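Here the structure comes first, spelled out in structure tokens, and everything after it is commentary.
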Amino acid sequence: MLEHENQQPESTAQTIRQAVRFLRVLWHRRIVVMGTLALCGMLGGLYYATATRIYEAEAQLLVVDTSRENSPTSMTGSHSDIAAMATYEKLVSSPLVLQSAATLLNAPVRGLFGSQDSEVLAENFSKELNVRGVRQTNLLEISFRSPHQEASAAVVAAIIQAYATFMDESHRGTANSIVDLLQNEKEEVDKKIEVKQAEFLAVRQKVGDLGIKEGGKTMHPLVERAIQLNSSLIETQKKRLLLQASYQSLTEAIQAGHNIRQSLVAIEETLGKEAFLDSMGLGDRDKQTRVAVEKQLLEDRAQLDTLQEYYGPNHPKVVERTRKIEQMQGYLAQFDFIGSPRSFGGDDAQLANTVANILNQRLESAERQEEWFQKSFEKAKQESIGLTSDISQLDIVEHDLNWLRQLRNTLLNQIASVDLRQENGGVRTTVVREPVVAEKPVSPRLSLTILAVLAGGLASGIGIVFVIDTLDDRARSPEELQAELNLPTLATIGILDDEEEFEDGVGLETKHMWNTSDDAAAESFRTIRTVLVMGTEDSERIAVTSAEPSDGKTTITSNLAIAYQQAGKRVLIIDADMRKPGLTKLIDRRGQVGLSDILRGTEEVPEQASRLATQTGSVPIDIIPAGRRPPNPGELLLGDRFAELLAWADGEYDQVIVDAPPVLAGTDAAAVGRLCDGLMLVIRPEKNRRRVLIKTVETLRMFGVTLFGTVVNAVGLEEMGYGYGYGYGYGYGYGYGDEYGLDDDEEYGDEEEEETYMRAA
């Protein structure tokens, strides 16, 4: 658990370091980002200058179905109104409305949109038309975009006009169909009334001649049955007429594409809720339940009145009875709401087809019933005529006449009701906001273009820098190195000119070129010395290494030793790179006895070391060469004799500097570093990759080596002022690349020895 908690902050810190590093990379590569941004700016400017200007016309339309119950929610959107808004939206953008709108435009305006054909224009309009309902209102927002500023407003106005006309005609068409049907039925009833009146007068005249009083009443059972059958026939005919009128009007509305919802409302008001209850799945059982609830409601209300006479409003019995009454009222309200087409929230067409099927079935059933009652009545009438007096015949005729008159009155009321709804009902559209075209184009927008240029330019520039940074894994600055490696940068060494070498020198003279006080390179080495002396408590044993060969660690070692010698220190350099000993090559002691012989020997270490530590050239610094190459340099450095050697050096010298092998060549550098007070890592940013350096530091820390810091080598003067991320002209200085054969990559022995070294690396 604790390990997990420690890993998480480390991961976060690593992420932050990576982010900071990439920000530095962006700063150094800012020319790339600025160039990409400039290119995107030119492309954006070209687009903005050449793009077609698009203008938008917008209007706002209020749609209210006045056939619905008047309520305060008619403007803010009742439940039923909001349910119908989706239909209204689709109707505005329907081909029928758009084609009608196209015909309302004059020829020049139609020509602007590339055609005079209404169907083609309707298709073109639909692509640029946007219709949406304002939430919780009966408002429709209609907008249209086109390159033609004034024409856009004309198109919106034409669409609004075409939509209003379509809705009005749809409503009136449905109402007219019902009125025509009812009027035809009324005319047929009028003819029957005339015939029946003539018959009634004739029978009445006959009764008068017989001397029978008008108020007398004699009824034979057969006559009574005939009258009952006639009454049933009359009711069946009335039901059949209503079903026939409703079915015909609904089917005509479906076929003509009129306002189906309006037709359903008209059918409900003329026929009742029975058909809609059945179509919505509310059958006889639900109706019986409603009757039972209504009966129970009356009883509970009576009981509540009784309770309120004896108890207050907060009495438990009063509260309970009141709650029960409210529940039953809610059920009845819900039952009535569900059984109404006004509240239906589903597909209008599906509901209309269901209702039409039910109406058709009931119409067929009513026709069969009417036929049966007609036959039964005619038979009973013939029987009654033969068995009864003329008085019975008069009763029958009178009853028929009364029924016909009632039927005529019913038809007249229905016709008047439909006419009233036609006059005051339907869907009313009101333009709340006239079509207005914005003075400025909606596309292209300068602000959006600028934002797109900035976003695209920055994203592209950052992406290019990221790709470059991924492919070029070099460190970019001392700050970046410090952040990546978590090590201080002790000094930055510039590129050293080969021409300044002492051509006639021997040994360290070939590396000691900066002995003047005002030389920048000399000051760098003195800085390293000062940092090590003052910054650490123990720095008498210093190991110098690098991640890879040819990083210049021998140059750094030599000149650091000279810096200590110039400060009055007795200095010993030990060449511990027994695989490719660059320092040993420098002093021309290749193949001679040295460190390897001390570590493999049996002689006392102090005696043997004292004999081998000698000065080469005029620089007063003792050097122990690497010696002859052993087969196991790593094991020798881990042995006790190397520790004895360092202990002896501590007593004889003020400062011991060990030229260690490269870290990635094996475990030799770690073995040396553990026995020293600390290790200094030489970095050559031209060739060292970040992954290599990170791996090097991780390896050293894994072995418990103390790291003093890094020395950045071979940095050009132009890069030293702002980092060294662009060092394409880096020289090799006086590291492992001078004419004296100090390149770490130069063969120390033959090909076989070189191959052995590479396998060890």
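Read-outs: derived from the displayed coordinates by stated rules, not from any lab. Nothing here was measured: the structure is a model prediction, and the numbers come from that model. Don't worry about glycine lacking a Cβ; one is built from the backbone with ideal geometry, like all the others, and counts go over all protein chains shown.
For the residue pairs Lys569/Lys687; Lys580/Lys695; Lys239/Lys295; Lys192/Lys238; Lys295/Lys317, the alpha carbons lie more than 23 Å apart in Lys569/Lys687; Lys239/Lys295.
FRET efficiency for the Ile31 to Ser11 pair, using the beta carbon distance and R₀ = 41 Å, is estimated at 0.80.
Computed from the C-beta positions of Arg445 and Leu412 and an R0 of 60 Å, the FRET efficiency is 0.40 to the nearest 0.05.
Sparse packing (at most 13 other Cβ atoms within 10 Å of the Cβ) combined with a DSSP loop state is found for the following GluC sites (Glu not before Pro) in segment 549-621: Glu603, Glu604. Proximity of backbone amide H atoms, modeled 1.01 Å from N, is registered between Ser546 and Val663, Val682 at under 5 Å, excluding neighbours fewer than 5 places apart on the same chain. Here segment 288-332 was treated as a single set of alpha-carbon atoms; its pair distances binned every 5 Å from 0 give 5, 24, 32, 19, 12, 6, 2 percent. Protection proxy ranking of 553-561, 298-306, 393-401, by the mean of other Cβ atoms within 10 Å over each peptide's residues and highest first, is 553-561, 393-401, 298-306.
Shown is the FRET efficiency for Leu458 and Glu635, computed with R0 = 56 Å from the Cβ-Cβ distance and rounded to the nearest 0.05: 0.50.
Ordering of 234-247, 313-326 by packing is 234-247, 313-326, highest average first (other Cβ atoms within 10 Å, averaged per residue).
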